[in-house]
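Have a look at the structure below, then the notes.
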Ligand code: 2P0
């Protein structure tokens, strides 16, 4: 039976990946560092069928769009047994309309399921390198907790490894789900445009080198205030690259700016909380779990309880039994 099912959780970067140096091998310009979350994940089954004439790819119980199916098939070409097509069924567990659906959990789960379905036993480092070929951020979703992706210089040297797989202090993240109707520039296109046209790109590389070192020190010290401060500054500098591109663009909308202002204000009143944003308008809040109720109480009147999702550090990729 050439079938396996894998589950992988999404991750949010505290030091962002934003640019490739090799789009074919998917080598990033810089290292990055993330937190894997328990709340958002993808479950994917892969079954190789020697009698099948084409890949069949289902996402959330519907046939995948042609461009998505092509991306999955091209990824499977890296690992499939010679000339053998696959049935793929993938389900995303993310809150409705969250805009948090992530290629990170999707390609991490696909890399594992496609390998395990053939009876292969790759190391997690090998799985991380394989997941990278599907989507950069998937490199990190093979592991749980706090994870570092080494940029590397070739296929062999670009992989993630855990810094602290079981986070033993109070670090937590809360997603503020905002209006996701805004037309979005895909990450791949956004970062490529920034590398090509943003005059701040050389400075960004220096920023990341500094932030990686400082973030690892803050994690070792379990200093959530410093982790949050570094993550917020790093996120703002990533988004500054976009504003400074030619033409400039942004993932923020009015609600994003309002949420940023609310978090900054809450912090000024003495609650340690910080924000980070990715390739979309949603805002993620970084804080110590002991402040969770205070923060939820402060945010609920403005955003509504339905739009606030608490996430804890989550696990690495897992094999599910069918
Ligand atoms: C990150 N993001 O480090 C950054 C921060 C979004 C903003 O990685 O082209 O879907 O597949 O490598 O991984 C999102 O980009 O892009 C991302 P590809 P990916 O999490």
- Message: Would you calculate the convex hull of the Cα atoms in the range 58-135 and tell me its volume per residue in Å³?
- Response: 100
- Mind checking the angle between helix 187-197 and the chain's longest principal axis? C-alpha axes, 0 to 90 degrees, to the nearest 10. 70
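Take each of the peptides 68-75, 261-268, 33-40, average the number of other beta-carbon atoms within 10 Å over its residues, and list them starting from the highest.
Working: 68-75: 17.1, 261-268: 15.5, 33-40: 24.8.
Per-residue mean Cβ counts within 10 Å order the peptides as 33-40, 68-75, 261-268.
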- Protection proxy ranking of 188-195, 124-131 - average other beta-carbon atoms within 10 Å, highest first: 124-131, 188-195
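Any chance you could list the semi-axes, whole Å, largest first, of the equivalent ellipsoid that the Cα gyration tensor gives for the chain, using √(5λ)? Walk me through the numbers before you get to the answer.
Numbers: eigenvalues 205, 90, 76 Å².
Working through the eigenvalues yields semi-axes of 32, 21, 19 Å.
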- Query: When all C-alpha to C-alpha distances in the range 3-168 are sorted into bins of 10 Å, what percent of pairs does each bin hold, rounded to whole numbers?
  - Reply: 11, 42, 35, 11, 1
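Return a whole-number percent for the relative contact order of the range 139-288, with Cα pairs under 8 Å and 6 or more residues apart as the contact set.
Numbers: 204 pairs, mean separation 40.5, N = 150.
That works out to 27 percent.
Would you list 312, 20 from fewest to most Cβ contacts within 10 Å?
Details: 312 15, 20 18.
By the 10 Å Cβ count, ascending: 312, 20.
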- Mind jotting down the distance between the C-alpha centroids of the range 183-226 and the range 235-314, whole Å? 17
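Just the number: Rg to Rh for the range 111-239, Cα atoms, Kirkwood Rh, two decimals.
0.99
May I have the convex hull volume per residue, in Å³, for the Cα set of the range 171-311? Before the final figure, lay out the partial values.
Details: hull volume 15.6 nm³, N = 141.
It is 111 Å³ per residue.
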- Can you give the extra length, in nm with one decimal, that the chain gains between residue 264 and residue 189 once fully stretched, where that is 0.36 nm per residue apart less the Cα-Cα distance? 24.0 nm
- Message: At 7 Å along Cα-to-Cβ for each site, give me the label-to-label distance between residue 205 and residue 21 in nm.
- Response: 0.7
- Message: So, R0 is 22 Å and r is the distance between the beta-carbons of residue 243 and residue 213; what FRET efficiency does that work out to, to 0.05?
- Response: 0.25
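When the helix-only estimate is applied to the chain (DSSP H runs of n ≥ 4, each -39,500 (n - 2.57), divided by the residue count), what is the mean residue ellipticity at 222 nm, nearest 500 deg cm²/dmol? Present the calculation step by step, with values, prior to reporting the outcome.
Working: 9 runs with 118 residues, N = 322.
Only helices count here, giving -11500 deg cm²/dmol.
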- Query: For helix 292-303, what angle does its Cα long axis make with the longest principal axis of the chain, in degrees from 0 to 90 and rounded to 10?
  - Reply: 90
- Item | Nearest 10 degrees, 0 to 90: helix 254-268 Cα axis against the chain principal axis | 50
- Item | Cα pair distances exceeding 22 angstrom across the range 1-99, given as percent | 45
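Every number here is computed from the coordinates shown, using simple stated rules; none is lab data. Computed from a predicted model, the values in this text were never measured in an experiment. For neighbour counting, all protein chains shown are included, and Cβ atoms are generated from backbone atoms with ideal geometry for every residue, glycine included.
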